[in-house]
Amino acid sequence: MLRDQERAFQNFFARRARYPRYRRRGGVERVRFTLDQRRVQVEREATPRWAFVDLPGLGRVKLRRSEGLQGRLRSVTVSRDGAGRYFASLCADQVSEAVWPEPHTEVIGINLGLRDLAVVSDGTAVRTLRTPKALALKLTRLRRYPRRQNRQVAAQMRAQGLDPTKPCPKGVRLGMSRRRARTRTRVARLHGRIGDLRRDALHRVSTALVAEAKILVLEDLNVKGLARGGHRRGFRRAMGDVALGELRRQIRYKAEWAGRQVIEIDRFFPSSKRCFECGTVHATLGCAKRWACPACGVSHDRDENAAKNIRAEGLRQLAAACSVPTGKGPGSDARGVACAAERTRRVTVECAQRRPTQNREPAQRPVRAKSA
Ligand SMILES: [Zn+2]
């Protein structure tokens, strides 16, 4: 813990962070134990599903493993999330590197969206990776709970002789009814479940995309779109946007692990407004799912068209940045692909040299814990 404090102060004096704060009570609470290297504290593969860890003050704790426990285990962090679930994260070094499969595509364009998680174009086909249905279902339920909470808060205010139509005056502590407490844990549990579903979906998608292609073309984050829209829509956007930023982050770091290249194109590139067939940019395009190009008459799916444009723009940037003579005209698809192949070879070599084989950032994924 002292080490954490030291790091916090170092970051503060180096002007990287704010003055260290005390840990908040409530919400996520965690405690870390350094594992003693002189004795065995962790039974890694006690059963196919369970592992055990011997913790000072807690005794033998049973863990449900989410993956194999490799390498030299250094520390274990036990945390409790807002929903009252316990997790143990094991930190290890000397973890062997994951082996990524050979990519079967050169370049893919990825259009990240809210309606669908991602629309992917690999030059020949376009496919859609959908947001899981369970997640959408849970989100509708989440919208219902605040209403119930408001009602319960109003009732509590009336019980304490306050006017529920006015904001609660400062310094007044509202009592917590049993029903309100129950609603609160329900909301927390639901949030926890939503988080799980979303994390799982994002990891699946980002891993699949990175495994698939040598070069991934993404669109930069669109912050502009955030400010617009009504409340409900804004809420959905905000929720989704956090997820999209996270998906982008995962793609970036996984691509680095796998030795792939990520190209991020400018956020002002008109990916959805440009017709992929004739190149005309239609500035007044609404947010319809399908649209027909007024110039050439081709009917487009908004997201698929954008994915194709993103891939084409990535190829154009590659072709502009490299000088492999291919005999094809500049900006042509074949030239881009040839350059892409050349680029990846270089990138892979660079990564192989730069990356340390050991002591990479320790894999820290939660292992569900249950006290025995
Ligand atoms: Zn057109």
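The values are calculated or read from the model by the stated rules, or taken from the named source; none is laboratory data. Source: prediction; values computed, not measured. Positions of Cβ are backbone-derived with ideal geometry, glycine not excepted, and every protein chain shown enters the neighbour counts.
When the stretch 265-282 is filtered for residues that are more than 14 Å from the ligand (Cβ to nearest atom) and among the hydrophobic types (A, V, I, L, M, F, W, C), the ones remaining, listed by number, are I265, F268, F269.
Just so you know, in the stretch 280-304 the residues that are loosely packed, with under 12 Cβ neighbours inside 10 Å and closer than 19 Å to L117 by Cα include one that is modelled with the lowest pLDDT, and it is C287.
Within the stretch 283-307, the set of residues being more than 12 Å from the ligand (Cβ to nearest atom), within 20 Å of A125 (Cβ to Cβ) and not hydrophobic (A, V, I, L, M, F, W, C) comprises K289, R290, D301, R302, D303, E304. How many residues does the stretch 244-260 hold that are surrounded by fewer than 17 Cβ atoms within 10 Å (Cβ to Cβ) and outside any helix (DSSP H, G or I)? Qualifying residue count, the stretch 244-260: 0. Residue check: P132 meets all listed conditions (1) closer than 18 Å to L190 by Cβ; (2) free of Cβ contacts under 8 Å to residues at least 60 places away in the same chain but one, namely (2). From the list I263, I194, the one residue that fits, being crowded, with 16+ Cβ neighbours inside 10 Å and either in a helix (DSSP H, G or I) or at pLDDT below 90 (or both), is I194.
Scanning the stretch 75-101 for residues that are crowded, with 16+ Cβ neighbours inside 10 Å and either in contact with a helix residue (DSSP H, G or I) (Cβ under 6 Å, 6 or more places away or on another chain) or not hydroxyl-bearing (S, T, Y) (or both) turns up V76, V78, D81, G82, A83, R85, F87, A88, L90, C91, A92, V95.
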